[in-house]
Amino acid sequence: MTTIIQNDEVDVLVVGSGAAGSLYAAVAAKAGKHVMILEAGPERTLNDLQSSQIWARQLKWAGSPVEESGNHKIGHNFNSGFGTGGSAVHHYGVWPRLHDNDFNTQSDYGVGLDWPINYADLQPFYDRIQSHIGLSGDAKAERWRPSGEAYPMPALPILSQGQVIAKGFQAKGMHTAPIPYAVNSLPKGERHSCIFDGWCDAGCPNGALANPLVTSLAEARQHGAKIFHRCQVRRVLLNKRGDKALGVEYQNAAGDIFSQKAKVVVLAAFTVQTARLLWLSEHEKHPRGLGNNHDLLGRYLMTHPAHTIWGLFKEQTQPHMGLSGGQLICQDGYANKQAKPNRYGSYQWLIANACKPNDLLGIATSRADLFGKKLEAFMHDATKHFGTMVGICDDIPLADNRITLSQKKDTLNLPIAKAHHDIDPRVATLTEHMVKEGLDIFNAAGARESWTGPRAGMHIMGGTVMGDSAKTSVCNPFGQLHDVANVFVAGPSLFPTSGAVNPTFTVSALSLMGAEHMLKHWSQLS
Amino acid sequence: MIKRRQFLQASALVFSFNVAGSWLELNCAQAAELKLPYQNFNKTQALDLSRLSEGLVPGAAQAGAVHFIDQQLQRDGAENCLLMIRYLGVDPPFKPFYLAGLEAAQKAAGEKFNKSLALLSDDELNTFITAMASDALKGWQGPPASFFYFVLRADAVDAKYGTELGFADLAVPYMAHIKPKTAW
């Protein structure tokens, strides 16, 4: 029989050390709370972030497998991180804000879900986060930018690849602006400024890119939060009435099982694992999983449908330089989500991404049809003249796109997650439009050849969406489970709609809002 | 084109080899001198895999593509496995995938040319890979041929172009924040 070791109670137990969990931990620890973070993956430090696309793979998901299905899979293992800092350690620091029109799509367009909050509710939190982290950008150049404070740091410079491709946007009468980045253009504290060497995907060890190792997690630790690695949470423990969490049960690398009591539990294990954990936390009062009394758990799983445009230019583009997330942004296609019949969604271009020769997003993979001498010739040419940009589309939250449990089990004998995702035909039509536009832009920029590849899923959202009512959502606007108030969900799984922007800035703003709400109502929660 | 200095660097390129349970850092020449066996492939499989890798990416064999795959498969299922397959929707362990794909390729080469992969001429290998990439090899039994092509090509690209030496061959400045201790 397995022995369960009882641990002393903590104030706040955070599951996952990524962008959301670390921020909760930092806010709570600064307020004097006794904070414990359980991280399923291994410990990583800045010294582990080796500049290599081969070694970078160790940052990707290697935990419990995820069974994927559907006609547009979410790409879980590529889009998820594993270890200290979670996915945010290998995220690219592209931090645009959601727009006003992302929050009420059901009311405005009859599509998807409405958020229980508006942009105006979130704006102060965006502003505070960007001031604290130190974002770089050019707010005036972002003609589409929703209201908010200007960036505290100047924009990062536009290098040769960006300059070349920008000509295409200008020729088409479109607009570009420097990407708003959670990357230092100036030194900030102990964090250096960016040196544009294009290794963001392998993790940024000099602290220029705001990953949790140098931001929230560092602050949390400084204020006493403790993080424990290789600790897999097995379930949330509830009281007999099923209306209050008592803590969690977790298993360490040695196989020992612990019962960890906590006044508040924050689930920030990223989209798929957070939903899985709720499924695994069934209880007499929650027989179909915690947060699932209205059969909503896991539903509205989303990923940004994305297409990459590639080209070869006569100019030297130095594609290995810059940042993995790109240099320029265009959101001309954001304002009207129903610009054409049978088409839905906003989209954005991230332009002139730094590319290394190898890996999934590398130069060689862009022409997966080439091999032998043709590939060799291409590599020598493309590493000098390559250009790339990626288009990111809205996804429509569909109820049947869902995270559930598989019949298969992992090494801990727990059911693994299943993630089903289909793309809505209206979004597929939008991606086709976007690809055509992208190829036109590259031609207008003077590309001697341009091409595209298969549609891919970028970022993972939904599954434990927020809303006003338990009948329509899993969590309230602050991320609390409707059914159990001292369980907070944090991360992109809360998003009722995806928008068409990279999610980490919004994740951070929502986490700050949720964490402060938790502290404000502490006496009722504990 | 690799210059003499780079060739010398190549011969000094260090890989980790598992010898009797211990990891040794050796270059390919040292490994050959010690006649270290591959851990996951027999001699025939290794020769065929090497030939196929070379056909996909010229220079991949010398760059250590088979060593790369072999070494990473020893970490199979573990989080330290650095093969791209870990995020291509294939559940670990990955060794059965590679062995099944290689066996299918070996049989297909035998049926098409009555030769082993290792003995295919350049033209034959080119014809074979073209058919493999488009799932046009008759009687292929294993993981989809085009997917096996994609995975093996990615591994060969890693070995050839994903290291400091590969960057140098392309005249791409490596500019490491933290230089990798070993190529992989």
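The values are calculated or read from the model by the stated rules, or taken from the named source; none is laboratory data. This structure is a prediction, so every number in the text was calculated from the model and none was measured. Positions of Cβ are generated from backbone atoms using ideal geometry, with glycine treated the same way; all protein chains shown enter the neighbour counts. Note: accessible area is taken over every heavy atom of the protein model, side chains too, but ligands, DNA and RNA are not part of it. Shrake-Rupley method; radii C 1.70, N 1.55, O 1.52, S 1.80 Å.
Of the residues B:Ala118, B:Ala104, which single one is more than 10 Å from every other protein chain (Cβ to nearest Cβ), over 15 Å from the mean Cα position of the chain (by Cα) and at pLDDT 95 or above? Quick ask: steps written out before the conclusion?
On the way: B:Ala118 fails: over 15 Å from the mean Cα position of the chain (by Cα).
Going through B:Ala118, B:Ala104 in turn, the sole match is B:Ala104.
Being more than 17 Å from A:Leu439 (Cα to Cα) and touching a Gly at 6+ places or on another chain (Cβ under 8 Å) is the filter; apply it to the range A:367-396 and report the residue that is most open to solvent (accessible area, probe 1.4 Å).
The qualifying residue most open to solvent (accessible area, probe 1.4 Å) is A:Glu376.
Can you tell me which residue in the range A:328-345 is nearest to the other protein chains (Cβ to nearest Cβ), limited to those that are charged (D, E, K, R) and open to solvent by 30 Å² or more (accessible area, probe 1.4 Å)? Break it down stepwise before answering.
First, the residues of the range A:328-345 that are charged (D, E, K, R): A:332, A:337, A:340, A:343.
Applying the additional criterion that residues be open to solvent by 30 Å² or more (accessible area, probe 1.4 Å) yields A:332, A:340, A:343.
On the way: A:Asp332: 32, A:Lys340: 33, A:Arg343: 29 Å.
Selected residue: A:Arg343.
Inside the range A:409-466, counting only strands (runs of 3 or more DSSP E) that do not spill past its ends, which hold 2 or more residues that are of a type outside the set (Ser, Thr, Tyr) and open to solvent by 40 Å² or more (accessible area, probe 1.4 Å)?
Values: elements: A:415-420, A:449-452, A:456-461.
Once the strands (runs of 3 or more DSSP E) in the range A:409-466 are filtered for at least 2 residues that are of a type outside the set (Ser, Thr, Tyr) and open to solvent by 40 Å² or more (accessible area, probe 1.4 Å), what remains is A:415-420, A:456-461.
Going by what's in this entry, would A:Tyr109 be described as more than 30 Å from B:Pro93 (Cα to Cα) and open to solvent by less than 10 Å² (accessible area, probe 1.4 Å)? Spell out the reasoning first.
Details: more than 30 Å from B:Pro93 (Cα to Cα): yes; open to solvent by less than 10 Å² (accessible area, probe 1.4 Å): no.
Taking the combined requirement at face value, the residue does not satisfy it.
What number of residues within the range A:502-526 satisfy the criterion of being crowded, with 24+ Cβ neighbours inside 10 Å and in a loop (DSSP other than H, G, I, E, B)?
Total satisfying the criteria: 2.
With respect to the numbered conditions (1) open to solvent by less than 50 Å² (accessible area, probe 1.4 Å); (2) not in a loop (DSSP other than H, G, I, E, B), which one is the sole condition not fulfilled by A:Gly325?
The failed condition is (2).
Hey, does the range B:135-143 have a residue that's modelled with pLDDT of 95 or more and at the interface with chain A (Cβ under 8 Å from one of its Cβ atoms)?
no
Restricting to the range B:136-184, give me the number of residues that are open to solvent by less than 30 Å² (accessible area, probe 1.4 Å) and outside any helix (DSSP H, G or I).
Residues in the range B:136-184 being open to solvent by less than 30 Å² (accessible area, probe 1.4 Å) and outside any helix (DSSP H, G or I): 11 in total.
Take B:Lys179 and tell me if it is under 19 Å from B:Gln62 (Cβ atoms) and at the interface with chain A (Cβ under 9 Å from one of its Cβ atoms).
Working: under 19 Å from B:Gln62 (Cβ atoms): no; at the interface with chain A (Cβ under 9 Å from one of its Cβ atoms): yes.
So B:Lys179 does not fit the description; no.
Check A:Gly162, A:Gly198 and return the single one that is open to solvent by less than 20 Å² (accessible area, probe 1.4 Å), at pLDDT 95 or above and within 14 Å of another protein chain (Cβ to nearest Cβ). Lay out the reasoning, then the answer.
Numbers: A:Gly162 fails: within 14 Å of another protein chain (Cβ to nearest Cβ).
Criteria check complete, one pass: A:Gly198.
Does A:Gly499 satisfy the condition of being open to solvent by 30 Å² or more (accessible area, probe 1.4 Å) and assigned to a loop (DSSP other than H, G, I, E, B)?
Values: open to solvent by 30 Å² or more (accessible area, probe 1.4 Å): no; assigned to a loop (DSSP other than H, G, I, E, B): yes.
No, not satisfied.
Could you check the range A:1-119 for helices (runs of 4 or more DSSP H) lying wholly inside it with 1 or more residues that are within 13 Å of chain B (Cβ to nearest Cβ) and closer than 23 Å to A:Met458 by Cβ?
Numbers: elements: A:19-30, A:76-79, A:105-109.
It comes to A:76-79.
Can you find a residue in the range A:22-31 that is among the aliphatic types (A, V, I, L, M) and touching a Phe, Trp or Tyr at 6+ places or on another chain (Cβ under 8 Å)?
First, the residues of the range A:22-31 that are among the aliphatic types (A, V, I, L, M): A:23, A:25-29, A:31.
Checking the rest, the ones that are also touching a Phe, Trp or Tyr at 6+ places or on another chain (Cβ under 8 Å) come to none.
Looking through the range A:22-31, none of the residues is among the aliphatic types (A, V, I, L, M) and touching a Phe, Trp or Tyr at 6+ places or on another chain (Cβ under 8 Å).
Across the range B:65-86, what is the number of residues that are buried (at least 19 other Cβ atoms within 10 Å of the Cβ) and in a helix (DSSP H, G or I)?
Counting residues in the range B:65-86 that are buried (at least 19 other Cβ atoms within 10 Å of the Cβ) and in a helix (DSSP H, G or I) gives 12.
Could you list, in sequence order, all residues of the range A:213-238 that are closer than 23 Å to A:Pro415 by Cβ and aromatic (Phe, Trp, Tyr)? Talk me through it step by step, then tell me what you get.
Step one: list which residues in the range A:213-238 are closer than 23 Å to A:Pro415 by Cβ, which gives A:230-238.
Listed by number, the list is empty, since nothing qualifies.
Being over 10 Å from the mean Cα position of the chain (by Cα) and among the aliphatic types (A, V, I, L, M) is the filter; apply it to the range B:62-82 and report the residue that is nearest to the other protein chains (Cβ to nearest Cβ).
Here the answer is B:Leu82.
If a residue has to be farther than 28 Å from A:Val501 by Cβ and more than 9 Å from chain B (Cβ to nearest Cβ) to count, how many in the range A:346-369 make the cut?
1
Only one of (1) part of a helix (DSSP H, G or I); (2) modelled with pLDDT of 95 or more fails for B:Gln62. Which number is that?
(2)
Here is a list of conditions, (1) basic (Lys, Arg); (2) more than 20 Å from A:Ser22 (Cβ to Cβ); (3) open to solvent by 40 Å² or more (accessible area, probe 1.4 Å), and A:Arg97 meets all of them except one; can you say which number that is?
(3)
Could you run through the range A:215-235 and say how many residues are out of contact with any Leu (no Cβ under 7 Å at 6 or more places or on another chain) and outside any helix (DSSP H, G or I)?
Taking the range A:215-235 and keeping what is out of contact with any Leu (no Cβ under 7 Å at 6 or more places or on another chain), we get A:215, A:217-227, A:229-230.
Next, only the ones that are outside any helix (DSSP H, G or I) stay: A:215, A:223-227, A:229-230.
Here the count works out to 8.
So that you can scan it fast, the table gives a plain yes or no per residue for (1) more than 18 Å from B:Ile178 (Cα to Cα); (2) open to solvent by 10 Å² or more (accessible area, probe 1.4 Å); (3) under 23 Å from the mean Cα position of the chain (by Cα); (4) not hydroxyl-bearing (Ser, Thr, Tyr):
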{"residue": "A:Gln170", "(1), (2), (3), (4)": "yes, yes, no, yes"}
{"residue": "A:Gly173", "(1), (2), (3), (4)": "yes, yes, no, yes"}
{"residue": "A:Tyr181", "(1), (2), (3), (4)": "yes, no, yes, no"}
{"residue": "A:Ser185", "(1), (2), (3), (4)": "yes, yes, yes, no"}
{"residue": "A:Lys188", "(1), (2), (3), (4)": "yes, yes, no, yes"}
{"residue": "A:Arg191", "(1), (2), (3), (4)": "no, yes, yes, yes"}
{"residue": "A:Asn206", "(1), (2), (3), (4)": "no, yes, yes, yes"}
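Which count do you get for residues in the range B:147-167 that are closer than 21 Å to B:Lys179 by Cα, facing chain A (nearest Cβ under 8 Å) and either among the aliphatic types (A, V, I, L, M) or out of contact with any Leu (no Cβ under 9 Å at 6 or more places or on another chain) (or both)?
Number of matching residues: 4.
With the requirement that a residue be assigned to a helix (DSSP H, G or I) and more than 18 Å from A:Val94 (Cβ to Cβ), what does the range A:167-214 give you? I'd like the intermediate steps shown before the answer.
Taking the range A:167-214 first, the residues assigned to a helix (DSSP H, G or I) are A:167-171, A:200-202.
Across the range A:167-214, the qualifying residues are A:Lys167, A:Gly168, A:Gln170, A:Ala171.
Among the residues of the range B:129-138, is any in contact with a helix residue (DSSP H, G or I) (Cβ under 8 Å, 6 or more places away or on another chain), over 25 Å from B:Gly77 (Cβ atoms) and among the β-branched types (Val, Ile, Thr)?
Yes, there is a match, as at least one residue in the range B:129-138 is in contact with a helix residue (DSSP H, G or I) (Cβ under 8 Å, 6 or more places away or on another chain), over 25 Å from B:Gly77 (Cβ atoms) and among the β-branched types (Val, Ile, Thr).
Checking the structure you have, find out if any residue of the range A:137-156 is within 12 Å of another protein chain (Cβ to nearest Cβ) and aromatic (Phe, Trp, Tyr).
No, the range A:137-156 contains no residue that is within 12 Å of another protein chain (Cβ to nearest Cβ) and aromatic (Phe, Trp, Tyr).
Filter the range B:46-59 for residues that are open to solvent by 10 Å² or more (accessible area, probe 1.4 Å) and in a loop (DSSP other than H, G, I, E, B); which is nearest to the other protein chains (Cβ to nearest Cβ)?
Filtering the range B:46-59 for residues that are open to solvent by 10 Å² or more (accessible area, probe 1.4 Å) and in a loop (DSSP other than H, G, I, E, B), the one nearest to the other protein chains (Cβ to nearest Cβ) comes out as B:Pro58.
Based on what the data block shows, is A:Ser22 touching a Pro at 6+ places or on another chain (Cβ under 6 Å) and either more than 30 Å from B:Ile178 (Cβ to Cβ) or in contact (Cβ under 8 Å) with a residue 12 or more places away in the chain (or both)? Write out each step before concluding.
On the way: touching a Pro at 6+ places or on another chain (Cβ under 6 Å): yes; either more than 30 Å from B:Ile178 (Cβ to Cβ) or in contact (Cβ under 8 Å) with a residue 12 or more places away in the chain (or both): yes.
Spelling it out, A:Ser22 is indeed touching a Pro at 6+ places or on another chain (Cβ under 6 Å) and either more than 30 Å from B:Ile178 (Cβ to Cβ) or in contact (Cβ under 8 Å) with a residue 12 or more places away in the chain (or both).
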